[in-house]
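Below is one structure, written out as structure tokens; the observations come after it.
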Amino acid sequence: MEDLEKIVSQHPFFEGMDKNYLELIIGCASNVRFDEGQQIFKEGEEANRFYMIREGSVALAIHGPGSGNVTIDTLGDGEILGWSWLVPPYYWRFDAKAKDRVRAIALDGKCLRDKCEENHDLGYELLKRFSHIIDQRLQATRLQLLDVYGLRT
Amino acid sequence: MDLEHNTLTKEQIEANPMLPRRFRIDKVTWETQETFTHELVPIDGADMFRFKPGQFNMIYVFGVGEIAISISGDPDDDSRLYHTTRVVGSVTRRKQNLVEGDILGIRGPFGNHWPVEKAVGKDVVVIAGGIGLAPLRPVIYYLLNHRDQYKRITLLYGTRSPDKILYSRQLKEWGARFDIDVSVTVDSADTDWQGHVGIVTKLIPKAVFDPNNTVAFVCGPEIMMRFTAMDLLKFDMPEDKIYVSMERNHKCGIGFCGHCQLGSYFICKDGPVFTYDKLKSYLSIKEV
């Protein structure tokens with residue numbers, strides 16, 4: 001448990017977070033490991049977890065008509081995988097697969113949602129941090145949509 | 001303009017920089033489906049000219065027209081001239097059909113250069129997007145040729161998809177070296193692709209460099225350069241240590257005609273390489 005506390009508190013996502021909140025969060029955390037090629041979650045499944053990636057990389061993919069499975073993002077060391085646990089109806093929107101051996105901390109979304117309902121300060125703190133990530137990914141997605149390297153005809 | 005190179009004669013060049021030299025295409029390499037590299041040798045009896053990383057030539061496809069293309073070869077190799085071209089317009093469409101033995105007219109080299117001399121003793125981060133790797137390849141050659149003069153060297157390259165990666169063999173070779181960090185990302189890929197997916201700026205936080213002792217060279221679409229510069233600034237890099245390369249509609253190449261004017265600059269003469277602080281106000285203006 002002590003190790004878990006250290007790992008969580010040193011992860012960039014939780015940098016500077018109040019110790020009391022960290023204790024609440026650690027109560028919902030567990031160590032996980034995925035082998036290369038292992039499916040972490042699939043689109044449409046219930047989203048009751050998110051992951052702090054400690055090591056390795058994860059591919060996010062979606063199935064496009066006529067294009068098969070398309071990888072739209074890769075996440076690596078120090079990044080956060082998944083926020084569908086935060087947004088009703090709590091289903092994954094993409095597939096996630098380990099590209100190599102992945103070590104991560106899994107956080108139980110249901111457990112965290114309950115704690116956030118009880119403690120709105122914790123909820124606000126978490127939402128602030130997630131909104132930063134969501135903003136970064138939205139900006140990146142917009143740039144990808146612009147297809148800046150594509151040919152203009 | 002650097003006139004140390006030999007073309008017809010130095011005097012003739014000074015008298016008429018509008019006069020093209022004749023070069024023969026010695027080899028054609030298709031890098032991607034729409035991008036190819038010509039290896040050229042002079043056939044006018046004069047020596048190959050010297051160039052600095054980032055300079056460009058005006059290339060004349062006889063009977064069709066002239067276009068500005070960056071030199072993409074090794075600045076320390078004066079045996080042949082390399083130009084990587086993407087097929088986008090009428091001249092490049094004709095240029096793609098040329099074969100070994102065909103002749104092109106070359107004027108140049110024009111413009112300023114990536115200031116590799118100002119990066120001596122510093123970390124260097126080279127960030128390229130799409131075809132923007134071509135004008136930066138001479139920088140990589142130069143840095144590796146003079147490796148002991150620089151600290152950490154990082155190349156971050158982003159492009160549209162795995163099949164659009166330029167110089168893939170060379171990227172693999174550089175990636176296998178211990179004295180340069182190379183990361184490649186694509187905007188999207190099928191699930192067979194084992195590399196990064198996402199925009200090139202996502203690679204910046206993973207790169208190791210000292211923001212107070214780093215020079216960044218950035219080249220790609222303008223919006224990519226703007227977002228890249230903004231992300232580098234988040235790491236407290238000074239604006240005047242971030243260099244970007246601009247492209248406009250070059251005609252004369254020597255600052256006479258005004259076709260490539262951007263605000264108070266003629267890109268062909270004052271650029272194409274600028275520090276970010278000089279260009280940032282233009283990079284956010286639409287259609288300038």
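General observations
- Which listed pairs, of B:K202/B:K234; B:K95/B:K172; A:K6/A:K115, have C-alpha distances above 18 Å, in listed order: B:K95/B:K172; A:K6/A:K115
- Proximal aspartates and glutamates relative to B:K269, as straight alpha-carbon distance under 13 Å, when same-chain residues fewer than 8 apart are discounted: B:D2, B:E247
- More than 43 Å apart - percent of Cα-Cα pairs taken over the protein assembly as shown: 22 percent
- Residue order, fewest to most beta carbons within 10 Å, for A:F14, A:F41, B:F178: B:F178, A:F14, A:F41
- Peptides B:31-42, B:51-62 ordered by average Cβ neighbours within 10 Å, highest first: B:51-62, B:31-42
- Listed by chain and number, the lysines whose C-alpha is less than 18 Å from the C-alpha of B:K151, apart from same-chain residues fewer than 8 away, are B:K118, B:K122, B:K206, B:K241.
- Neighbouring partner chain Cβ atoms per residue of A:57-69, average, 10 Å criterion: 2
- Cα gyration tensor shape of segment B:24-97, rounded if a/c is under 1.5, else prolate or oblate by comparing a/b with b/c: prolate
- Which of B:L233, B:L155, B:L283 has the fewest Cβ neighbours within 10 Å, and the rest in rising order: B:L233, B:L283, B:L155
- Here segment A:67-120 is treated as a sphere whose radius is the Kirkwood value from Cα pairs; by Stokes-Einstein at 25 °C and 0.890 mPa s it diffuses with a coefficient of 183 µm²/s.
- Summary of packing: across the peptides B:267-274, B:254-261, B:211-218, the per-residue average of other C-beta atoms within 10 Å ranks them, highest first, as B:267-274, B:211-218, B:254-261.
- Per-residue Cβ neighbour counts within 10 Å put B:Y150, B:Y157 in the sequence B:Y150, B:Y157, beginning with the fewest.
- With the gyration tensor restricted to C-alpha atoms of segment B:220-288, the semi-axes of the equivalent ellipsoid amount to 23, 12, 9 Å, longest first.
- When the helices of chain A are scored as -39500 (n - 2.57) per DSSP H run of n ≥ 4 and the total is divided over every residue, the value at 222 nm lands at -11500 deg cm²/dmol.
- Whole-number D in µm²/s for segment B:116-283 (Stokes-Einstein; Kirkwood sum over Cα pairs; 37 °C, 0.692 mPa s): 199 µm²/s
- Normalising the average separation of contacting C-alpha pairs (under 8 angstrom, six or more residues apart) by the number of residues puts the relative contact order of chain B at 17 percent.
- When shorter helices are ignored and each DSSP H run of at least 4 residues is given -39500 (n - 2.57), the per-residue value for chain B at 222 nm works out to -5500 deg cm²/dmol.
- The alpha-carbon positions of chain A define a convex hull whose volume is 125 Å³ per residue.
- Per residue of peptide B:204-211, the mean number of Cβ atoms on other chains within 10 Å of the residue Cβ is 1.
- Pairs of Cα atoms farther than 26 Å apart, chain B, %: 42 percent
- Partner chain coverage, peptide B:177-188 - average Cβ within 10 angstrom: 2
Every read-out reported here was derived from the displayed coordinates using simple, explicitly stated rules and does not represent laboratory data. Here the structure is a predicted model, which means the values were calculated and not measured. Counting neighbours? That spans all protein chains shown, and the Cβs are built from the backbone with ideal geometry, glycine included.
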